[in-house]
Each structure stands twice: as C-alpha cells, then as structure tokens.
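Working notes for the structure below.
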Amino acid sequence: MVSLSRLLVYQERALLSVSTFSTLFLPAFVSYLAMAVLVQRKRTAMIRFALLPVTLLCSYRAGSSLDLSFGIPDYLFLNQILVAAVFTFSMRSTGWAFAKQPYSRIALPKKMFNGDTMPDSQLTNVEDTSLFTAFWNAWDLSVNLRGIGWDWPTGLRIPKNSYGTESTSKFLLSTLVKLLFNTLAFDAASRAAHYLSPERFGSTEEGTIFDASLPPLSRYARSAIITILAGCAAYFLIESLYHIYTIVFVLLFRQAPSQWPPLFDTPWLSTSLTSFWGRKWHQLLREYFISVGARPLAFLFGRPGGVMGAFLISGALHYLVLKAMERGGHPVVVFGFFIMQAVGLILEDIWKKRTGLRVDGFWGSLWTWLWLVFWGTFMIDAWARVGLIGSKFFPDDYRPTVLLVHFLKHGFNLF
C-alpha cells in the first residue's frame with residue numbers, strides 16, 4: 001500500500017523548472033494569497049478554516065519536494081530560503097485562520113516612524129473591504145511581514161530612523177549605499193569565519209568549529225570568534241535582503257518610504273535579552289510567533305509559557321531551514337538554543353520581580369552577550385556540520401570584497 005507521504009512528496013527533490021514551479025510552488029503561494037484576501041473580508045472564518053489544511057499541505061509539499069540548488073552542493077542554501085518561505089506561508093495562514101477581526105489598511109504618516117509604536121486597531125475601517133480591494137491589498141499583505149500600514153500589529157515598535165524620507169530619491173540612494181555596505185560586510189564576515197575554519201568546516205561537507213588540535217582555551221576562544229562572525233554575517237545578510245526588497249517596492253511598485261522603516265534597532269547596544277529579542281533584533285515574524293506559539297502556551301502556563309511558546313515556534317522554523325541542507329537538522333542543538341533564550345528571558349523576569357530592578361547597563365550587556373555567544377556557539381557548530389557556512393553565496397571571482405579590491409587596485413593603484 002502506498003503511503004500518503006509518498007503521494008504528497010517527491011522521493012527526491014525535483015529541480016526547479018517551469019513545470020515543477022507551477023505544480024509545486026504555485027499552489028502553495030496561490031492558497032496563501034487566497035488566505036490573505038479572505039482575512040480582510042467579514043464572515044469568511046469558515047472558509048479560512050476550510051482552506052487552512054490545503055495551504056498547509058501545499059506548503060509542506062513545496063518545501064519538501066522542490067530543489068532550488070539545481071543539484072549543486074554549494075547552492076543547497078537556496079533550499080533554505082524556500083523552506084523559510086513556505087514555513088512563513090503556513091505560520092501566517094494559521095494566524096489568519098484564527099483572526100477574530102478582518103484586517104484593514106491604515107494611513108501612514110508621511111515621515112518615517114521615529115522609534116514609535118505602530119498605531120493599534122482603533123484606526124481600523126469598520127466597512128467591509130470589497131473583493132477587488134482585498135485582492136489588491138493581498139499582494140502587500142503577503143510580503144508585509146511586520147504589518148506596516150495595517151491595523152493588526154499589536155505593540156510593534158518601529159526602530160528609530162536616521163534618514164529623512166521627504167525625498168524618495170534621497171531615500172533610495174541612502175538605501176542603495178546601505179545595501180552595498182551590508183553586502184560587502186556580509187561577504188567579509190562570512191569569509192573571515194571560513195578562513196578560521198579547522199579542517200573541512202569551511203566546505204559544504206561536514207565539519208565543526210571546535211578544533212580538536214588546539215588546547216581547550218584556544219579552541220573555545222576561536223569557536224566564540226567564529227560564532228560572532230557568523231552572527232554578524234547573518235545580520236548583514238538579512239539587512240541586505242531587506243534593502244533589496246525596499247528598493248524594488250519603492251522604485252517599481254511606487255510604495256512610500258514610510259512603508260520601509262529600519263529592520264534592526266542597533267542590536268549590539270542591547271543591555272538585556274529582553275531588549276535584544278523584544279525590540280532590537282528584527283521583528284519580522286513577531287506577530288505570528290505570538291499568535292501561533294505564545295498565546296496558546298500563555299493560556300496554559302502564563303507568561304513563562306508564552307515566552308517559551310514563541311521561541312519554540314522560532315526553533316521549529318530554524319530547524320526546518322537547517323534541515324533543508326539535507327544533512328540533518330540537529331534538532332537538539334537548534335531547539336536547545338531557542339529554549340535557552342526563553343529561559344534567559346524568564347530569568348530576567350524573575351530577577352526583576354525579586355529585586356525590583358530590570359537587567360540593564362554594563363552588566364546587562366555583559367550578561368546578554370555571554371548568554372547569546374555561549375549558546376550560539378552550539379548553534380553555529382550545527383550550521384558548520386551541515387555545510388552552511390562553507391556555502392558559496394557568491395561565485396569566487398564575483399565576491400563583493402574581491403570586486404572591491406580589483407576596483408581599488410586598477411582604479412586607484414592602491415595595491
């Protein structure tokens with residue numbers, strides 16, 4: 001008897017083509033877009049509930065069956081992007097299925113947010129959204145992860161903007177400069193981690209950041225440096241991708257710069273785990289970590305359960321993304337990292353209740369970064385073991401740092 005999984009998922013990932021895109025990815029995206037339309041309309045709860053299993057099934061099938069790497073080991077990381085996308089489809093669709101009120105657009109200020117909190121739902125339009133308008137808005141909702149310009153985010157804090165947005169051309173120019181800088185920084189940080197690698201860690205084959213040939217102190221100091229470099233590379237990569245989206249949607253789709261406020265809020269200045277994860281790190285999936293993970297466990301176990309639930313959903317996302325490299329997902333390590341982040345936040349709550357003081361200042365910063373780097377070391381080691389850090393994000397001759405050196409060498413005779 002043929003199992004259900006064999007009917008739903010290819011036994012081996014199918015290489016990307018027009019045929020596989022239309023039969024594997026497109027159904028997942030269309031059902032996701034349909035959920036984005038329905039969540040704006042009144043009296044659609046039953047339809048959303050009925051469509052949710054279809055969306056989840058199509059997303060699972062796309063993430064499990066499609067191969068964006070074209071069979072090239074160096075580009076397996078592209079499958080991680082696919083898995084992250086369909087997991088986001090699933091998580092957001094689940095949140096939309098249980099939404100109590102229809103989503104509505106709200107008017108944005110002409111100037112960028114200045115460290116403020118998004119307006120709450122009292123600005124929601126009480127009129128039912130027309131089907132045509134809902135379909136048009138669904139394109140924005142499908143990619144607008146933070147809900148900028150919508151009434152559904154609750155307590156979302158927008159990072160303070162250092163650039164004015166009166167002129168779209170100036171905004172685009174500053175975004176382009178930041179894109180170039182972050183792309184260069186990503187390449188430099190990822191290559192620096194590569195050069196510090198012991199043995200095969202810097203390849204797409206299995207490896208580890210712990211060099212057994214070194215004495216313990218040097219071994220763990222080196223692994224901590226690699227962890228920091230890999231974390232910086234992740235930060236620069238996310239920033240670069242966000243800047244690309246910003247330029248595309250402002251330039252081609254004529255969106256206002258106020259719809260694209262900063263993504264991060266100087267996370268290196270965090271003085272507690274609460275400030276790091278709650279405000280300063282990106283909040284792209286905050287609403288859905290809360291609705292899918294935090295609220296159900298908070299109902300059962302109070303605030304500690306809510307904190308743990310949000311990080312468990314984040315752990316599931318990162319586990320499945322890592323598993324897309326097809327060398328195991330290291331669930332104990334990945335879930336362990338996020339569980340310990342939740343434990344850290346709970347410990348900060350206990351400290352505040354016992355002492356009346358919140359974690360802050362120099363000692364708060366020291367605590368935050370020791371906790372992040374210590375547990376992060378095991379997470380980055382898992383990245384190394386599946387070959388992620390050794391992946392070629394750019395062709396060797398076209399790496400941004402290589403191109404910059406060539407430009408400086410031939411243009412200014414600096415080398």
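The values are calculated or read from the model by the stated rules, or taken from the named source; none is laboratory data. Bear in mind the structure is a predicted one, so any value in this text is a computation, not a measurement. Note that we place each Cβ from the backbone using ideal geometry, even for glycine, and neighbour counts take in every protein chain shown. Accessible surface areas use protein heavy atoms only, side chains included; no ligands, DNA or RNA. Shrake-Rupley method; radii C 1.70, N 1.55, O 1.52, S 1.80 Å.
A few comments on the model shown:
- Taking amide hydrogens as placed 1.01 Å from N in the peptide plane, the amide H of residue 66 sits under 5 Å from those of 14, each at least 5 positions away in sequence or on another chain.
- Rolling a 1.4 Å probe over the protein chains gives residue 292 an accessible area of about 40 Å².
- Candidates 254, 295, 222, ranked by Gaussian network fluctuation over the chain, Cα under 10 Å, top entry: 254
- Length added when fully stretched, residue 268-residue 167, from 0.36 nm per residue minus Cα-Cα: 33.4 nm
- Projecting the Cα atoms of 184, 325, 294 onto the charge dipole of the chain (Cβ charges, centred on the Cα centre) puts 294 farthest toward the positive pole.
- When 55, 274 are compared by accessible surface with a 1.4 Å probe, the order from highest to lowest is 274, 55.
- Relative contact order of the range 286-384, pairs being alpha-carbon contacts under 8 Å that are 6 or more residues apart, as %: 21 percent
- Under Stokes-Einstein, with the Kirkwood radius over Cα pairs as Rh, the value for the range 165-298 at 25 °C and 0.890 mPa s is 140 µm²/s.
- Residue-by-residue Karplus 3J(HN,Hα) for the range 96-103, coefficients 6.51, -1.76, 1.60, Hz, glycine and proline x: 5, 4, 9, 4, 7, 10, x, 7
- For the range 45-96, fraction of C-alpha pairs farther apart than 14 Å, in %: 54 percent
- Rounded to the nearest whole Hz, the Karplus-based 3J(HN,Hα) values (6.51 cos²θ - 1.76 cosθ + 1.60, θ = phi - 60°) of the range 65-72 follow the sequence 10, 8, 10, 8, 8, 6, x, 9, with x at glycine and proline.
- Karplus 3J(HN,Hα) series, Hz, for the range 230-235 with 6.51 cos²θ - 1.76 cosθ + 1.60 (x for Gly, Pro): 5, x, 4, 4, 4, 4
- Protein-only accessible surface order, largest first, of 374, 87, 132 at 1.4 Å: 132, 374, 87
- Computed over the chain, relative contact order equals 18 percent, with contacts defined as Cα pairs under 8 Å that lie 6+ residues apart.
- Percent of Cα-Cα distances greater than 23 Å, calculated over the range 273-402: 43 percent
- Taking amide hydrogens as placed 1.01 Å from N in the peptide plane, the amide H of residue 284 sits under 5 Å from that of no residue at least 5 positions away in sequence or on another chain.
- Helical runs (DSSP H, four residues minimum) scored at -39500 (n - 2.57) apiece and divided by the length of the chain put the mean residue ellipticity at 222 nm at -19000 deg cm²/dmol.
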